[in-house]
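**Q** Just passing along the structure, written as structure tokens.
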Amino acid sequence: MEAAYAVLSPPAIVPLIPLINALPRGDGVEVGCYWGHSSALLEAGPHQVFYVDSWQDTADLDKWRHRMPRPAWDRAVRKPSVEAARDFPDGVLAFVFLDAGHTFQETLADIRAWRPKVMAGGLLCGHDWDLFLAKDGPGPVGAAVTTYCRGLGAEWEVLPAVRPQLACWAIRV
Ligand SMILES: C[S@@+](CC[C@H](N)C(=O)[O-])C[C@H]1O[C@@H](n2cnc3c(N)ncnc32)[C@H](O)[C@@H]1O
């Protein structure tokens, strides 16, 4: 599974990068950074990005640091997702990209914690719409996104992806 993170993640976030980079310049957050493949793509964009991950194994944080430029190290937040969300005021972030826990409950908890932090006009987005290629639905991540959005009457989009299980999703705030 760890190798799969490293190999599959970078291409899957690529369709999101133009949407994120087109947002008004501001601060953004990636939640779930692992070895920094998607972090490196976000760091190359126009926003100042904070990088949240529990990095339970310090070797993974070391690999993330190895991939990232030194100034980004000070923007690494080594905390559980929902706890880290409390460090940010409401309505201040241009985007939040979620790629941490992938169960229904973890994804819903992350959406509920981070959605209020995004400013009007910003983007709450994530990865792995149908990670397990569910036969009778979009899988746990997609189910959490649709459950959340239907409860609010909000819309979501799923971006085209070469591997549909890894597709990115986005909610315009
Ligand atoms: C799929 S990997 C992230 C891959 C990365 N975005 C990439 O493209 O290379 C998931 C990461 O989320 C982190 N994670 C999982 N649950 C978390 C939580 N509740 N809080 C913080 N980090 C978490 C794990 O430590 C792991 O590094």
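The values are calculated or read from the model by the stated rules, or taken from the named source; none is laboratory data. These figures come from a predicted structure and were not determined experimentally. Positions of Cβ are backbone-derived with ideal geometry, glycine not excepted, and every protein chain shown enters the neighbour counts.
**Q** What number of residues within the range 43-59 are near the ligand (Cβ under 9 Å from one of its atoms) and surrounded by 14 or more Cβ atoms within 10 Å (Cβ to Cβ)?
**A** Going through the range 43-59 one residue at a time, the tally reaches 4.
**Q** Give the range 89-104 a look and list any residue that's within 14 Å of the ligand (Cβ to nearest atom) and over 12 Å from Leu124 (Cα atoms), or say none.
**A** Hits for the range 89-104 are Ala100, Gly101, His102, Thr103, Phe104.
**Q** Yes or no: Leu93 at pLDDT below 95, surrounded by 13 or more Cβ atoms within 10 Å (Cβ to Cβ) and hydrophobic (A, V, I, L, M, F, W, C)?
**A** Criteria not met by Leu93.
**Q** For the range 15-33, name all the residues that are part of a helix (DSSP H, G or I) and of a type in the set (Val, Ile, Thr).
**A** Once the filter is applied, which keeps residues that are part of a helix (DSSP H, G or I) and of a type in the set (Val, Ile, Thr), the range 15-33 yields Ile17, Ile20.
**Q** Another one. Look through the range 27-42, keep the residues that are hydrophobic (A, V, I, L, M, F, W, C) and surrounded by 18 or more Cβ atoms within 10 Å (Cβ to Cβ), and return whichever of them is farthest from the ligand (Cβ to nearest atom).
**A** Of everything passing the filter in the range 27-42, Val29 is farthest from the ligand (Cβ to nearest atom).
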